[in-house]
Amino acid sequence: MGGGQDRHVIQMIANASLDVIEEVVRKDNAMYLKSVDKFNEWTVSAFITPGNMKFVLLHEGKNDEGIRAFFSDVWELYVKTTMNPFHTAHSGIRSTVFDTRVRASARKHL
Amino acid sequence: MPSMLPPSLAPHTCILPSQDLVDLLASSSLPPLPQILQSFSPLPQVTTRTTTLTPVPHPTFALRFSDLVEIEEGCREDEEQRAARTLDWISARISRRCAKWVEDWERVGGAAVETERNANLRTPWWDEVRHCIEGDHIPSRIEGWNHPVAVIVAVSTMSPNPLQALAQLHARPPEFPSWVDGNQLRYTLIIHPKNSALSDEEAGALFNAVKKQYGLHTFLLPLELPSPPPPPVPVPLQPPRLPRNPQSTTQTPEIAPLSPGAIPTLPGGLNTLRMGEQDIQQTARFVREFVAMSLVPWMEKCAVEWNENFSSTRRLPSRLFSSTRRLFGSATPSPTPTHGQNSSISSVTSRTRSGSNSSIASVGSGPPPPPQQRRLAEFATTLGDLKLAINVWETIRKDGKGGSEILPLLLSPSPAVQLHVSHALQVVMTSNTHSSAVAQVRALAYAVRWEMGCHPPDFIGNAEEPPSAVLLAHAAYLSVRKKARRRAALWYLFAANRLEKSGIKPLTMYFLRRAHDLYKVSPEKSLSPSFWDSEGMDVGSQAGFDAIVPGIEHALGRLHYTTGDVRRAVRFFLTLLQGASSPEQAVLSLGTSNGSNLELSKATMSDKVFLEDFRVSFQHLKDTSGPNFDLSDLKLPVTFCDVRHTRLRLPGDSVGGDPDLWESREDTWRTYWKSQGKESLQSTGKAAVNEPFWVDLVMHNPLDVDISLANLTIIIKESTAESSGPSVDFVEVEVIDELVLGAKETQTIPLSVRAKRPSTLFITQASYSFLNLLPSSESLAVRGRRLQDTPIQRQSKVYAPDVYIKALVEDASQRLSVDFVDDGRLVLEHGECMHMRLWVSNIGTEAINDIWIVAGPDDEYCIDDGDVADSVPPPAFEVFTSSNSLAQRLPQRVPLDKLLGSPLAPGQSFEFALTLHANTVGDQELSMAVVFRQKERPTFHSIRVMRSFEVRPLLSVASAYGPSNDLDELFSLDLDIRSVPAAATIEISQVTTMSPTWACASRAKRRIGTLLPGQAVHLPLGAQPWDQRSGGDETYKFALGKLEEVLQGSDTDLSHPPPLVLRCDHAVSTSVLPSTMQSFLHQGRRNNAARHIAAVHRNLPHHLYPAIFPLYHPHAVDVVIFWEIPSEGRSGHILVTGTTLGAGHGDLNGIIQEAEEMKVKRNMYAETQIERSSILEAIRASEWNSETNPVVLTVQGSGAVVEHDFSSSSCHIPVTLSLRNYSLTRPAKYTFKLPPQTPASGVSDMAAPSWIGRLTYRGTLKPLEHLLLRPTLHATQPDTYTLGDWRLEIEVGDEVPSTGVHGWRTQYRYVDGPSTAAPITVVDVSSE
């Protein structure tokens, strides 16, 4: 698999980790699930909002506090985005503001 | 606890046959002895005993037999090398058979079985891997399962001297390395065939002799072995075994390799043995005796003895000592004894070691055999003494010597099992290099043993061997059973990725297909159906990860292509050409985490690769499949036409402009013609026969790569045609040979269409050949609107039929072409009159009799009809009659009779001129609809013509007006004309005033001359009432009546105001206005007045303006400034409106008051009330209701200096005061009072005068009357005097003879006082 750098492989890993996340969520009611899954060099951390929206992060190193801070930033941004009356649960977030802020937070915490 | 141990944990017995036995079996068409004996495993109903002598019944007891020489060789082979060989061997086996497997598996619906949790069905590829791993029988350094428990020395009585042969075999010690457990049971087997040279008695004697010499573990096996071998009997399938190392087999060629190929198999894959019934029974008896009488008791005995040792070390003192030793750092090895030292079972271990061991130099003093504890644990496990086994394994595990790999099999399910599993794997991983073959094989072996409930990738690592891939596939298979479909999809993908590298394509494709199918199944969501309904979305329409499906499909496509299934490959590649949905989404999903760009190998995932793959595969498919290649099932997943932006363009449409504007021009025409006749105006938007029109096809490339479309054209249907064939034959459609669209590019492609007869055409499809390979067509229909008429339509989604682009083609009988002759950029000065020429040509087939021009209401233009004004001597002033109506200008008819003298024949053309007045500064457009028809034809046609121009500012004119001080004139009107700094040198040629009431004259009778840029000129004008004025009162009445109607809320009748006579005075020189100028002035006044009214009376409906307001206020004065720029040959005029002279008397006040006091109708809308009051306010403030004090007092000769000799007398100065009534309609009563002697007021520093003689004047002033008052000022000393605090009381009213005492009714009262000082200076000229 050579490091699994293919985009679709990475997406598959994120997708597959949802199975584990859903299983863990049944038992554990924490919002931040650190290192919930692992695939080769990729570690998957997740964050479940009270609305059952799942944020999944694939990372290599170990940085629990940074990831936790990043997730809470993203959560805040996500809540702000969903408060937009023109945003629906059916559509993806296409806000460039959201994107830049998430990137900025990633640069800060990760 | 497992019901049955895996066969790989069964006791392993090695057989050392003599050469004569080998020959005997070969001659009887029988496989080697280990294989024969293996056929009798597992043995049914075996009972073992635990160390506590509790019997343990085994329903089946597995055994493993192998050739001693082979095992010895296997031990000598490098472990890593053998592991690598194992992996290759398994890969080869999978590769050879997977195509058949996949076919069979899919035939029985394996995928469906997965989901049904049918545990009995196993995937063939996993079974294969399992069997191969289970079949491993070479002892390992790590564990003792494969270490031989017993060695059977076998001879036949066919040997010339069986005893000697036996002695030789017994003398040959097993050549195992030092790390192999030497603790083995030695067993002797003598096979006595029927055709032996020895008789049965002799064989019995031999058996007894052997028993005497080699112990009781001896057996005489008599066999029939008939000469023609009996028919084959099916026996259990032997586990496949790794073929022997080719290098070492050359050393011992006498022993046939134990390869699966050597096993005779039936076509059905069954294993058979050609043995007679009696022989089978005999052999079975031997096997049972061997197990029950020798092997099991021997193992039990070992277990008991070792257990003694084990428990003794576990007793308290021993443990204390050992821990003390550990505590005090003693270097003594662990007390667990090994067999080498502890020879308590001397009888069986005496022959375990011999000097020949040292011949294996490398291992001569090499690693020790497995520790006794481990062997104890293994024996206990094999014998079913699970209590002891678990105990011992736990101890071993605690000592860190393994055991984790077996415990999960023995313990009941608990979380600890998982920990054991991961620990075992960790040991494997750390004890070897990460991806060594040994580690893989070991991990595989563990996985095979555990079979379920573990994390395969943890022990696969980066291995790319097919067995690990199959293991992953099995993990996926199990995940599906656990309903973890997403994870299963990932495992399948990983498995496929690995298998692909080994080139095992059928299975790779199967795995990819599974991954694809599993990913496509979206997990169940417990959401209300309304969640989807709320946004009108399909449940399946949600978008997930964008790269997964293309990634899998691309791999599948490539595999299909390489395996020769080009047709399916093409289909896969075609579906990949989806294009990214939107650029920002692509950016988002590409995801650069923590700011640094993630190195994603985009090359494998881009549209470019997909397209290239499609091109190559499709070309190949086309080349190979010949001309009768059916393409109908290949549909492009992307569309390139942007239907909603695709338009029909007719030749007349090229003028551009706002469609609403053209619509309003046509409406203007229809309104105009409604009163004239019944003929209708045919709307534009029709193409003519044999004249091209265009379909502007908007093409957008959604892909991230350049594409080419060949033979791009459109398919047109006639509205009446039923057929669905190609384009109708009477229409010529342009075909574009090749169109290249760049990545994400949008292009508008005009395709010309020419119809040969009138009809209604629908543009239904665009067709092209994608990449010049795949013919394709796209519908150009737009979905109809959603229907909401009936409840059923509202409850479900029902749409009107699709809408196609429609083109109407008509006969080209009436066609006109109109163009401006000069179409360069046009820059005009403000007010300039520009002559423009239009070229009109009849391109139809019939003559045209009438042409009208319909322009916008604000456009000021005149058609030059070629008339030359008569040169008459200019009068003192001009008089002309105005319609006084604000009504919009009617369409202008082009005087064809004058210009041509005949109708415009087909093919004929002519030019006519139009004068345009640039009345507004800025960028302007003149949009005119030209309406025409043949005489008496029932329909009019129209054509559009448009001209853009820019208007620059030139002059700024300010006007100021007020009562004049001059007695000769009533009002003074001062004009300030200033040239804009950027303008050219301007010549003011004429200043003309126009008014229904006032006659104006310049007080400075001179030419103004040139005006340099930025220069200003002041022009004073005086205004006097015109004694021949007429129509003013009627106009006033009309306006008042209409405004009253508006205020009372009654319906306004649409009557127009009465005409009004206008007087024109030329201030600069006498001249005559041309008739076109009158028209321009009327249009200019109309535009200005309409703009003013629209701004002030915002709440009145626009269409009512002409019915309410007259064009001219009777007292209005308009000033027209004519200018010329001789250097540029430009000329023009600027109209200044908005001046109203004369006093008004608030004639609407009564009506307004009435309206205010009117009983307010309750209205539910506050807006209506607000609107009403705003209308009222606007009318109250309008010019029609102006109210001023009409009487003005002026001091004649103010500022005069009077010389007087005060030495003789005081000074009496007569002061002339002028009193004038500026009202045109009402008389005014006045009372003028001069103050008696008053002290000097503090307000002014001038002296207060004292008056002598008459101080109070009373009288009545008729309209426009003026009179002079002459009071006398008494000055006692030289000084500057003001008039002091005089007071003027005015009563404006009507003389009504019937009412009041004096027949007077006062309407308004005003009081006036001094506002300016008007000083009079008295100078003493006494000579003293």
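The values are calculated or read from the model by the stated rules, or taken from the named source; none is laboratory data. Here the structure is a predicted model, which is why all the values come from computation and not from measurement. Quick reminder, even Gly has a Cβ in these numbers, built from the backbone with ideal geometry, and neighbours come from all protein chains shown. Calculation scope for accessible area: heavy atoms of the full protein, side chains included, ligands and nucleic acids excluded. Shrake-Rupley method; radii C 1.70, N 1.55, O 1.52, S 1.80 Å.
Descriptive notes on the structure:
- Considering only residues in the stretch B:1124-1145 that are of a type in the set (S, T, N, Q) and in contact with an Asp or Glu (Cβ under 9 Å, 6 or more places away or on another chain), the one that is least open to solvent (accessible area, probe 1.4 Å) turns out to be B:1139.
- Residue list for the stretch B:1058-1070, restricted to those being open to solvent by 10 Å² or more (accessible area, probe 1.4 Å) and in contact with a Gly (Cβ under 9 Å, 6 or more places away or on another chain): B:1058, B:1059, B:1061
- A residue that is modelled with pLDDT of 70 or more and either among the acidic types (Asp, Glu) or surrounded by fewer than 22 Cβ atoms within 10 Å (Cβ to Cβ) (or both) occurs somewhere in the stretch B:461-479.
- Only one of the numbered conditions (1) buried (at least 17 other Cβ atoms within 10 Å of the Cβ); (2) outside the structural domain of residue B:687 (by TED's automatic domain parsing) is not met by residue B:839, and that is (1).
- Inter-residue pairs, beta-carbon under 8 Å, first more than 7 Å from chain B (Cβ to nearest Cβ) and in the stretch A:90-101, second in a helix (DSSP H, G or I) and of a type in the set (A, V, I, L, M, F, W, C), 6+ apart: A:93/B:588; A:98/A:77; A:101/A:77
- Evaluating residue B:490 against the criteria (1) more than 29 Å from the chain's Cα centre (by Cα); (2) in the same structural domain as residue B:95 (by TED's automatic domain parsing); (3) without any contact (Cβ under 8 Å) to a residue 60 or more places away in the chain leaves one unmet condition, (1).
- Within the stretch B:370-425, helices (runs of 4 or more DSSP H) holding 2 or more residues that are open to solvent by 20 Å² or more (accessible area, probe 1.4 Å) and modelled with pLDDT of 80 or more: B:386-398
- Of all residues in the stretch B:1003-1062, exactly one satisfies the criterion of being on the phi > 0 side of the Ramachandran plot and not in a loop (DSSP other than H, G, I, E, B), namely B:1009.
- Positions within the stretch A:17-50 being over 13 Å from the mean Cα position of the chain (by Cα) and either within 12 Å of chain B (Cβ to nearest Cβ) or closer than 11 Å to residue B:490 by Cβ (or both), in sequence order: A:19, A:20, A:22, A:23, A:38, A:39, A:40, A:41, A:42
- Selection of the stretch A:76-89 for residues being assigned to a loop (DSSP other than H, G, I, E, B) and more than 8 Å from every other protein chain (Cβ to nearest Cβ) yields A:83, A:84, A:85, A:86, A:87.
- Residues that are in a loop (DSSP other than H, G, I, E, B) and open to solvent by less than 60 Å² (accessible area, probe 1.4 Å), drawn from the stretch B:909-935: B:918, B:919, B:920, B:934
- The set of residues in the stretch B:597-626 being under 24 Å from residue A:56 (Cβ atoms) and either modelled with pLDDT of 80 or more or within 9 Å of chain A (Cβ to nearest Cβ) (or both) consists of B:598, B:599, B:600, B:601, B:602, B:604, B:605.
- Count of residues meeting criterion [within 22 Å of residue A:18 (Cβ to Cβ) and of a type in the set (D, E, K, R)] in the stretch B:490-521: 4
- Lone unmet requirement of (1) more than 30 Å from residue B:555 (Cα to Cα); (2) open to solvent by 20 Å² or more (accessible area, probe 1.4 Å); (3) within 9 Å of chain B (Cβ to nearest Cβ); (4) under 14 Å from the mean Cα position of the chain (by Cα) for residue A:68: (3)
- Residues of the stretch B:495-518 satisfying the condition of being open to solvent by 40 Å² or more (accessible area, probe 1.4 Å) and facing chain A (nearest Cβ under 10 Å): B:501
- Considering residues of the stretch B:519-550 that are hydroxyl-bearing (Ser, Thr, Tyr) and away from chain A (no Cβ under 11 Å) only, the residue farthest from the chain's Cα centre (by Cα): B:528
- Test for residue A:58: is it without any contact (Cβ under 8 Å) to a residue 60 or more places away in the chain, outside any helix (DSSP H, G or I) and within 24 Å of residue A:89 (Cα to Cα): yes
Listed here are the residues, each with its yes/no results for (1) in a strand (DSSP E or B); (2) small (Gly, Ala, Ser); (3) closer than 19 Å to residue B:1088 by Cβ; (4) modelled with pLDDT under 85.
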{"residue": "B:825", "(1), (2), (3), (4)": "no, no, no, no"}
{"residue": "B:834", "(1), (2), (3), (4)": "yes, no, no, no"}
{"residue": "B:844", "(1), (2), (3), (4)": "no, yes, no, yes"}
{"residue": "B:868", "(1), (2), (3), (4)": "no, no, no, yes"}
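- Single residue of B:951, B:945 found to be outside any loop (DSSP other than H, G, I, E, B) and within 30 Å of residue B:687 (Cβ to Cβ): B:945
- Subset of the stretch B:9-34 [polar (S, T, N, Q) and open to solvent by less than 10 Å² (accessible area, probe 1.4 Å)]: B:13, B:18
- Answer from B:1210, B:1186, B:1198 - the residue that is under 17 Å from residue B:1272 (Cβ atoms), crowded, with 17+ Cβ neighbours inside 10 Å and touching a strand residue (DSSP E or B) at 6+ places or on another chain (Cβ under 8 Å): B:1198
- Leading residue by the ranking (farthest from the other protein chains (Cβ to nearest Cβ)) among those in the stretch B:480-494 that are open to solvent by 30 Å² or more (accessible area, probe 1.4 Å) and farther than 19 Å from residue A:10 by Cβ: B:481
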